[in-house]
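Right, one structure below, let's go through it.
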């Protein structure tokens, strides 16, 4: 254990802990922007700077490990001034488009700007328009909103181990570029960690706003992992899927199916009535008629050839509850184990 | 010996002379009132509870609907309470504009009172003149805010935007015109024999009793107590202006009438001084967490855009703590008690509505008078139910 003082408060933490984590442990809130708790420290934004007694220049607390006897100050006028300067530098070229940005309202950059009460950052347009190509068509990259925190690049490399995107260029020319579009699996991990609206989902663009949406926690129906996901619901329509950092087995990750495979829910081509096939053509039927027919035929087959002559296939596009009921129906009512599901649920 | 018989008469809540939805249950011995019981609650909208779920900025329109006849006078009380809680100072120009709007609201309240009070007692003409002049203020409200009755022109930290030239012109026109209109009101009523007979020595209350009942505003001052929040605890630059507090002697219906009539003159003096000495400068606080950045800045400054977004979408946080701020509304001391819990909406808002205390004095004032006087007494108290029921 290492003992140190943060803002005059004694704290003991295991060796190797960063100053930021030690401070968070005792409830001291150091402002951060590029830091993400699922990622290794990136150190690109310089918001989490702190002063250490005896050291001339402030250090970034996210990647500085604690040392025995350290005396750390997290708030001072000089630090505040420096943070404001750093934040203004990030804002200089930022597009003036909060009113149309999907992230507005839950944007880390907005929160920081408001927290620091930043004023006077005249917009400076870039000389050259930046390329907005990205590794997957499911995600749109908005280079003018990008603050170059490199969370997306780090998440792609460290969480997924893929490395489909990378940062390129220096200073004002820096941007995220596609390193290898072919290995991108469109999992949206980069989307999840983006602190601003620089990466937005292409399917649900402009469909809702964070403060108008209803968020519903549910379990992904696609496979047996049972990832926790949060449906973004607007006017009784699912307009997107996101997840929470501390939820379930996935802890903030989703795969391409879970994150982007939701449009079938509100699809116009879905069946609205039961259909019965007669002479090679479907006709509309009432529920009573359709259910009677199914019950009659199933009982006839069961009577004639035994329950094992019947098999059932369920679908990942039903809810988990419906799938449970279906297998219960097959086993308990029909009396067969011939039941399967595309995800072996 | 024959037993005395009384009859019970239900007056309101839909009686035209109860000014909204006040219901008074009268116990009558012949035509004499032996007991009067006011019943309230017909206009309850849960404004205090609603406030707990809105951010500080969004509560302002709710306060317009307390005493809706003088909406800006409520806005100022609420905004000052929030500003006290947040510890911010409002620029001088905004304070003057607020003063003008609040005094104009007092005019609107008193004109409504004058017209309906006289109408209730049988003087039909007055309401037409009162509403003719009230219309001028409605137009001023419309000019500055777009709304005629409930302007919601104030914001936490100032006012919504600067006064237009047209607004200043219209206020000046009003200030110039109104003394003539006022002398017209006086001609119609002040020495009118029927009016004085119907109002003098009716519903009189002594200074001590008035204080005990918690009366404030013109109804208290008519009994001879010179208590006016604008003088006692000056706010929003009221100490810059030269004005008097009119007081009565007898505390009867007629004195309450005279006090309000004199308040017209005094309010006019305040508006006149404010509009002629309107200081230059901003109308919103420069506090980056509260002052709404101008749209012209938003178009070229990302920090202004973000702050405007955050201030309007989420709203500023108020620190933990509690404050009480009173202002002189048209009806009396209007107080806002706010408890902040560090979030963007209050933990509790309690309104000290002057009309609630005025209504509580109804049994005391009516007992012993004739039933026809009940109308005169309710009218002279000038209760507005939007404020009592909240």
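Could you please tell me which pairs satisfy a Cβ distance under 6 Å, a separation of 6+ or placement on different chains, a first residue in region A:83-96 that is more than 9 Å from every other protein chain (Cβ to nearest Cβ), and a second residue that is assigned to a helix (DSSP H, G or I)?
A:84/A:116
Which of the strands (runs of 3 or more DSSP E) contained wholly in region A:7-117 include at least 1 residues that are touching a strand residue (DSSP E or B) at 6+ places or on another chain (Cβ under 9 Å) and under 26 Å from residue A:167 (Cα atoms)?
So the answer is A:49-52.
For the condition at pLDDT 90 or above, under 20 Å from residue B:277 (Cα atoms) and touching a helix residue (DSSP H, G or I) at 6+ places or on another chain (Cβ under 7 Å), what is the one hit in B:112, B:104? If you could, list the steps in order and put the result at the bottom.
Values: B:112 fails: under 20 Å from residue B:277 (Cα atoms).
It is B:104.
Return a yes/no flag: does region A:82-95 have any residue that is surrounded by fewer than 18 Cβ atoms within 10 Å (Cβ to Cβ) and more than 25 Å from residue B:311 (Cβ to Cβ).
Yes, region A:82-95 contains a residue that is surrounded by fewer than 18 Cβ atoms within 10 Å (Cβ to Cβ) and more than 25 Å from residue B:311 (Cβ to Cβ).
Give just the number: which of (1) surrounded by fewer than 17 Cβ atoms within 10 Å (Cβ to Cβ); (2) under 22 Å from the mean Cα position of the chain (by Cα); (3) free of Cβ contacts under 8 Å to residues at least 12 places away in the same chain does residue A:181 not satisfy?
Checking residue A:181 against (1) surrounded by fewer than 17 Cβ atoms within 10 Å (Cβ to Cβ); (2) under 22 Å from the mean Cα position of the chain (by Cα); (3) free of Cβ contacts under 8 Å to residues at least 12 places away in the same chain, the one that fails is (3).
Looking only at region B:17-38, filter to residues that are without any contact (Cβ under 8 Å) to a residue 24 or more places away in the chain and surrounded by fewer than 18 Cβ atoms within 10 Å (Cβ to Cβ); which one of those is nearest to the chain's Cα centre (by Cα)?
Ranking the qualifying residues of region B:17-38, first place goes to B:25.
Answer yes or no as to whether residue B:297 is in contact with a helix residue (DSSP H, G or I) (Cβ under 7 Å, 6 or more places away or on another chain) and at pLDDT below 90.
So residue B:297 fits the description; yes.
Inside region B:333-353, can you point out the residues that are within 16 Å of the chain's Cα centre (by Cα) and in a strand (DSSP E or B)?
Scanning region B:333-353 gives B:333, B:334, B:335, B:336, B:351, B:352.
Within region A:98-129, track down each residue that is surrounded by fewer than 17 Cβ atoms within 10 Å (Cβ to Cβ) and more than 8 Å from chain B (Cβ to nearest Cβ).
Result: A:100, A:106, A:115, A:124, A:125, A:126, A:127, A:128, A:129.
With the requirement that a residue be assigned to a helix (DSSP H, G or I), exposed (fewer than 14 other Cβ atoms within 10 Å of the Cβ) and more than 23 Å from the chain's Cα centre (by Cα), what does region B:185-241 give you?
Selection gives B:187, B:193, B:194, B:197, B:208.
Take residue A:60 and decide whether it is in contact (Cβ under 8 Å) with a residue 40 or more places away in the chain, surrounded by 13 or more Cβ atoms within 10 Å (Cβ to Cβ) and away from every other protein chain (no Cβ under 14 Å).
Considered against the rule, which asks whether it is in contact (Cβ under 8 Å) with a residue 40 or more places away in the chain, surrounded by 13 or more Cβ atoms within 10 Å (Cβ to Cβ) and away from every other protein chain (no Cβ under 14 Å), residue A:60 comes out as no.
Exactly one of (1) farther than 30 Å from residue B:36 by Cα; (2) crowded, with 16+ Cβ neighbours inside 10 Å; (3) in contact with a strand residue (DSSP E or B) (Cβ under 9 Å, 6 or more places away or on another chain) is unmet by residue B:324. Its number?
In the conditions (1) farther than 30 Å from residue B:36 by Cα; (2) crowded, with 16+ Cβ neighbours inside 10 Å; (3) in contact with a strand residue (DSSP E or B) (Cβ under 9 Å, 6 or more places away or on another chain), residue B:324 misses (2) alone.
Restricting attention to region B:244-266, does a residue exist that is assigned to a loop (DSSP other than H, G, I, E, B), in contact (Cβ under 8 Å) with a residue 12 or more places away in the chain, under 21 Å from residue B:107 (Cβ atoms) and out of contact with any helix residue (DSSP H, G or I) (no Cβ under 7 Å at 6 or more places or on another chain)? Steps first, please.
From region B:244-266, those assigned to a loop (DSSP other than H, G, I, E, B) are B:244-252; that's our starting set.
Filter once more, keeping what is in contact (Cβ under 8 Å) with a residue 12 or more places away in the chain: B:244-252.
Add one more test, that the residue is under 21 Å from residue B:107 (Cβ atoms), and what stays is B:244-248.
If we keep only those that are out of contact with any helix residue (DSSP H, G or I) (no Cβ under 7 Å at 6 or more places or on another chain) too, we end up with none.
No, because not a single residue in region B:244-266 is assigned to a loop (DSSP other than H, G, I, E, B), in contact (Cβ under 8 Å) with a residue 12 or more places away in the chain, under 21 Å from residue B:107 (Cβ atoms) and out of contact with any helix residue (DSSP H, G or I) (no Cβ under 7 Å at 6 or more places or on another chain).
Considering region B:206-223 alone, what residues qualify as being in contact (Cβ under 8 Å) with a residue 40 or more places away in the chain and farther than 13 Å from residue B:360 by Cα? Walk me through it before giving the result.
So in region B:206-223, the residues in contact (Cβ under 8 Å) with a residue 40 or more places away in the chain come out as B:206-207, B:209-210, B:213-220.
Within region B:206-223, B:206, B:207, B:217, B:218, B:220 qualify.
Quick one: in region A:309-323, of everything that is in a strand (DSSP E or B) and touching a helix residue (DSSP H, G or I) at 6+ places or on another chain (Cβ under 7 Å), which residue is surrounded by the most Cβ atoms within 10 Å (Cβ to Cβ)? Walk me through how you get there before you give the answer.
Let us first name the residues in region A:309-323 that are in a strand (DSSP E or B), namely A:312-314.
Pick out the ones that are also touching a helix residue (DSSP H, G or I) at 6+ places or on another chain (Cβ under 7 Å) and you get A:312, A:314.
Details: A:312: 15, A:314: 20.
Of everything passing the filter in region A:309-323, A:314 is surrounded by the most Cβ atoms within 10 Å (Cβ to Cβ).
Regarding residue A:161, is this residue farther than 22 Å from residue A:238 by Cβ, in contact with a strand residue (DSSP E or B) (Cβ under 9 Å, 6 or more places away or on another chain) and either within 14 Å of chain B (Cβ to nearest Cβ) or surrounded by fewer than 17 Cβ atoms within 10 Å (Cβ to Cβ) (or both)?
So residue A:161 fails the test.
Residue by residue through region B:267-289, note down the ones that are assigned to a loop (DSSP other than H, G, I, E, B), touching a strand residue (DSSP E or B) at 6+ places or on another chain (Cβ under 8 Å) and within 14 Å of chain A (Cβ to nearest Cβ).
Passing the criteria: B:282, B:285.
Among the residues of region A:184-197, write down those that are closer than 15 Å to residue A:42 by Cβ and in contact (Cβ under 8 Å) with a residue 60 or more places away in the chain.
Within region A:184-197, A:189, A:193, A:194, A:195, A:196 meet the criteria.
Of all residues in region B:305-332, which are assigned to a helix (DSSP H, G or I) and either more than 8 Å from every other protein chain (Cβ to nearest Cβ) or at pLDDT 85 or above (or both)?
B:305, B:306, B:307, B:308, B:309, B:310, B:311, B:312
Of all residues in region B:67-87, how many are at pLDDT 90 or above and not in a helix (DSSP H, G or I)?
Of the residues in that region, 0 qualify.
So in region B:333-342, with the set limited to residues that are surrounded by fewer than 21 Cβ atoms within 10 Å (Cβ to Cβ) and in contact with a helix residue (DSSP H, G or I) (Cβ under 8 Å, 6 or more places away or on another chain), which one is farthest from the other protein chains (Cβ to nearest Cβ)?
So, considering only residues that are surrounded by fewer than 21 Cβ atoms within 10 Å (Cβ to Cβ) and in contact with a helix residue (DSSP H, G or I) (Cβ under 8 Å, 6 or more places away or on another chain), the one farthest from the other protein chains (Cβ to nearest Cβ) is B:335.
Does residue B:302 satisfy being modelled with pLDDT under 90, over 21 Å from residue B:91 (Cβ atoms) and within 14 Å of chain A (Cβ to nearest Cβ)?
Yes.
Would you tally the residues in region B:175-205 being touching a residue at least 60 places away in the same chain (Cβ under 8 Å) and closer than 20 Å to residue B:136 by Cβ?
7
The values are calculated or read from the model by the stated rules, or taken from the named source; none is laboratory data. This one's a predicted model, so the numbers in the text were calculated from it and none came from an experiment. Neighbour counts are summed over all protein chains in view; Cβ atoms, including those assigned to glycine, are modelled from backbone coordinates with ideal geometry.
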